[in-house]
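Participant: This is the structure I have questions about; it appears just below.
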There are 2 protein chains.
Amino acid sequence: MMARAGVTTERLVHAGAELADEIGFDAVTPSELARRFDVKVASLYSHVKNAHDLRTRIALLALDELADRAAAALAGRAGREALVAFAGVYRDYAHEHPGRFAAAQLRLDPETAAASAGVRHAELMRAILRGYDLTGPDQTHAVRLLGSFFRGFVALEADGGFDHSLPASTDSWTRLLDVLDSLLRDWPRL
Amino acid sequence: MMARAGVTTERLVHAGAELADEIGFDAVTPSELARRFDVKVASLYSHVKNAHDLRTRIALLALDELADRAAAALAGRAGREALVAFAGVYRDYAHEHPGRFAAAQLRLDPETAAASAGVRHAELMRAILRGYDLTGPDQTHAVRLLGSFFRGFVALEADGGFDHSLPASTDSWTRLLDVLDSLLRDWPRL
DNA sequence: TCGCCTTGCCTAAAGCCTTTAGGAAGTTCT
DNA sequence: AGAACTTCCTAAAGGCTTTAGGCAAGGCGA
């Protein structure tokens, strides 16, 4: 009797990520998760400190997955190809895993953030720019431009911000990547 | 005895916006608001349908304020000047009113969105582009580029994403607006 | 001015969520 | 088998949202 359900922190976080994709990151709660595991809520608290801890772990998982995919996509590519591949990973992940993607945007406290895969992201973005002729502060500016654009575009898309006007958002995405590639190749000097 | 507190929907929404700036949009709840008005929670439900309705109203207020400011900033300006002014309004508002700004990003159902000031925003962005030589789909692409960049940059900044690297985020902001102006003036043709 | 009606605010209550404390039943190791 | 550890449980406190029903304040017609 009273067979154990086999809850572990890892399984909890993975299930939480799945759940986020199904019902939205905000709706991922210890209660809901307990239901899924057919276990009483209080039982989760042996594996996870509290609701915030759970959400943070899901965020870290998402950041990790995203960095893995990006690194894979960047392997063997440079310049425009690298830019498009990286951007594609970002956007595809957001479409495939909206909940995880939302999680990846959770604000982390500085300590946690520093230990997260967020750092790898920054390095990968810099790697892309090695294919272009940018140096000094302008390289950082360019990283920030790309990061802002990716994040902003995908967020607006997710909010349906592009839904009721033409052309389709995918067209803009493709075209704008071309435009950005061109901009990076021909970066305006001071 | 039992003096009336004078709660109205309008006062509720305004106070909610203030509250959002103080403690964060997510923490704006009927309970907290009732405390501020020194009134029992249930009393709010005569003025606001439910928690979601309250949050939506705050979002609409923020969108309205933002559109007002943007319209004012754009008056009499064109080209680069208009771009910088508009962008400044956006970013300044986010800094001055982080809670309201977060509210402005609440996902609205299509019906509500269509009736919101979001529409005015789109028009204002298009107005900026009239100062540049862009036509057809590329104009829409450019609107989306600007929108994505503004939103992404400000969001990353708010999350502290730029805090632990140099140069300061303000430097990137200024420089990138120059770069974007230059890009719009010299938009790559197919 | 008096009684009426609308409306603002209240109490009560149900239902859900998080989190802590302490106990009992599996599991593992000796 | 017994000790020690871990997993899961019950119990309980406290907070949040929302609905239902009631009393009283402010405005209005008679």
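Participant: Test A:G136 against the stated conditions and say whether it is under 24 Å from B:R175 (Cβ atoms) and small (G, A, S).
Facilitator: Numbers: under 24 Å from B:R175 (Cβ atoms): yes; small (G, A, S): yes.
Yes.
Participant: Those residues that are outside any helix (DSSP H, G or I) and facing chain A (nearest Cβ under 7 Å), I need them from the range B:176-190; list them, please.
Facilitator: B:P188
Participant: Would you be able to tell me the number of residues in the range A:110-137 that are of a type outside the set (V, I, T), assigned to a helix (DSSP H, G or I) and over 10 Å from the mean Cα position of the chain (by Cα)? Can you show your working first?
Facilitator: Filtering the range A:110-137 down to residues of a type outside the set (V, I, T) leaves A:110-111, A:113-118, A:120-127, A:129-134, A:136-137.
From the residues that got through so far, the ones that are assigned to a helix (DSSP H, G or I) too are A:110-111, A:113-114, A:118, A:120-127, A:129, A:137.
Right, trim to over 10 Å from the mean Cα position of the chain (by Cα) and you get A:110-111, A:113-114, A:120, A:122-127, A:129, A:137.
Here the count works out to 13.
Participant: Taking B:A67 as the residue in question, decide whether it is at pLDDT below 95, in a helix (DSSP H, G or I), closer than 30 Å to B:L183 by Cβ and not polar (S, T, N, Q).
Facilitator: Details: at pLDDT below 95: no; in a helix (DSSP H, G or I): yes; closer than 30 Å to B:L183 by Cβ: yes; not polar (S, T, N, Q): yes.
For B:A67, the condition - at pLDDT below 95, in a helix (DSSP H, G or I), closer than 30 Å to B:L183 by Cβ and not polar (S, T, N, Q) - is not met.
Participant: A follow-up question, please. A:R189 passes all but one of (1) within 24 Å of B:A168 (Cα to Cα); (2) modelled with pLDDT of 95 or more; which number fails?
Facilitator: (2) is the only condition that A:R189 fails.
Participant: May I pose another question? Against the conditions (1) closer than 21 Å to A:A94 by Cα; (2) within 7 Å of chain B (Cβ to nearest Cβ); (3) assigned to a helix (DSSP H, G or I); (4) not hydrophobic (A, V, I, L, M, F, W, C), where does A:T140 fall short? Just the number, please.
Facilitator: That leaves (1) as the condition not met.
Participant: Run down A:G161, A:G147, A:G118 and say which single residue is closer than 24 Å to B:R91 by Cβ, at pLDDT 95 or above and not aliphatic (A, V, I, L, M). Let's see the steps before the verdict.
Facilitator: Working: A:G161 fails: at pLDDT 95 or above; A:G118 fails: at pLDDT 95 or above.
On inspection, the qualifying residue turns out to be A:G147.
Participant: Looking at (1) without any contact (Cβ under 8 Å) to a residue 40 or more places away in the chain; (2) within 16 Å of DNA strand C (Cβ to nearest atom), find the lone condition where A:E65 falls short.
Facilitator: (2)
Participant: Within the range B:25-49, which residues are closer than 26 Å to B:A158 by Cα and either touching a Phe, Trp or Tyr at 6+ places or on another chain (Cβ under 7 Å) or surrounded by 13 or more Cβ atoms within 10 Å (Cβ to Cβ) (or both)?
Facilitator: As a first pass, look at the range B:25-49 and keep what is closer than 26 Å to B:A158 by Cα: B:25-30, B:32-33.
Scanning the range B:25-49 gives B:F25, B:V28, B:T29, B:P30, B:E32, B:L33.
Participant: So, of the residues in the range B:1-52 that are among the β-branched types (V, I, T) and in a helix (DSSP H, G or I), which turns out to be farthest from DNA strand C (Cβ to nearest atom)? Can you show your working first?
Facilitator: Of all residues in the range B:1-52, those among the β-branched types (V, I, T) come to B:7-9, B:13, B:23, B:28-29, B:39, B:41, B:48.
Add one more test, that the residue is in a helix (DSSP H, G or I), and what stays is B:9, B:13, B:23, B:41.
Numbers: B:T9: 9, B:V13: 14, B:I23: 17, B:V41: 7 Å.
Restricting to residues being among the β-branched types (V, I, T) and in a helix (DSSP H, G or I), the top hit is B:I23.
Participant: Report yes if B:R107 is closer than 20 Å to B:L19 by Cα and assigned to a loop (DSSP other than H, G, I, E, B), otherwise no. Step through it out loud before you land on a result.
Facilitator: Working: closer than 20 Å to B:L19 by Cα: yes; assigned to a loop (DSSP other than H, G, I, E, B): yes.
Answer is yes for this residue.
Participant: A:I58 fails exactly one of the following numbered conditions: (1) in contact with a Pro (Cβ under 9 Å, 6 or more places away or on another chain); (2) more than 30 Å from A:L176 (Cα to Cα). What is the number of that condition?
Facilitator: Failing condition for A:I58: (1).
Participant: Scan the range B:153-175 for residues that are in a helix (DSSP H, G or I), under 14 Å from A:R107 (Cα atoms) and facing chain A (nearest Cβ under 7 Å) and report the count.
Facilitator: We begin by selecting, within the range B:153-175, every residue in a helix (DSSP H, G or I); these are B:153-158, B:169-175.
Applying the additional criterion that residues be under 14 Å from A:R107 (Cα atoms) yields B:154-158.
Then keep just the ones that are facing chain A (nearest Cβ under 7 Å); that gives B:155-156.
So the answer is 2.
Participant: Taking only the range A:45-63 into account, find how many residues are over 20 Å from A:A102 (Cα atoms) and either within 8 Å of DNA strand D (Cβ to nearest atom) or within 14 Å of chain B (Cβ to nearest Cβ) (or both).
Facilitator: The qualifying residues number 3.
Participant: Then there's this: Determine whether A:G118 is out of contact with any Gly (no Cβ under 6 Å at 6 or more places or on another chain), on the phi > 0 side of the Ramachandran plot, surrounded by 14 or more Cβ atoms within 10 Å (Cβ to Cβ) and without any contact (Cβ under 8 Å) to a residue 60 or more places away in the chain.
Facilitator: On the way: out of contact with any Gly (no Cβ under 6 Å at 6 or more places or on another chain): yes; on the phi > 0 side of the Ramachandran plot: no; surrounded by 14 or more Cβ atoms within 10 Å (Cβ to Cβ): yes; without any contact (Cβ under 8 Å) to a residue 60 or more places away in the chain: yes.
No: the conditions fail for A:G118.
Participant: Still on this structure, please answer the following. Just to be sure before I move on: is B:S165 surrounded by 20 or more Cβ atoms within 10 Å (Cβ to Cβ), in contact with a Ser or Thr (Cβ under 8 Å, 6 or more places away or on another chain) and of a type in the set (S, T, N, Q) in the structure I sent?
Facilitator: Numbers: surrounded by 20 or more Cβ atoms within 10 Å (Cβ to Cβ): no; in contact with a Ser or Thr (Cβ under 8 Å, 6 or more places away or on another chain): yes; of a type in the set (S, T, N, Q): yes.
Here the answer is no, as B:S165 does not meet what is asked.
Participant: Here's something else I'd like to know. Could you please find all residues in the range A:74-104 being under 22 Å from A:H14 (Cα atoms), part of a helix (DSSP H, G or I) and not aromatic (F, W, Y)?
Facilitator: Let us first name the residues in the range A:74-104 that are under 22 Å from A:H14 (Cα atoms), namely A:89-104.
Imposing the further condition that a residue be part of a helix (DSSP H, G or I) reduces the set to A:89-96, A:98-104.
Scanning the range A:74-104 gives A:V89, A:R91, A:D92, A:A94, A:H95, A:E96, A:P98, A:G99, A:R100, A:A102, A:A103, A:A104.
Participant: Please go through the range B:121-150 and pick out each residue that is exposed (fewer than 14 other Cβ atoms within 10 Å of the Cβ) and in contact (Cβ under 8 Å) with a residue 24 or more places away in the chain.
Facilitator: Listed by number, the residues that qualify are B:R130, B:D133.
The values are calculated or read from the model by the stated rules, or taken from the named source; none is laboratory data. Since the model is a prediction, treat every value here as computed from it, not as a measurement. Reconstructed Cβ throughout: ideal geometry from the backbone, glycine too, with neighbour counts over all protein chains shown.
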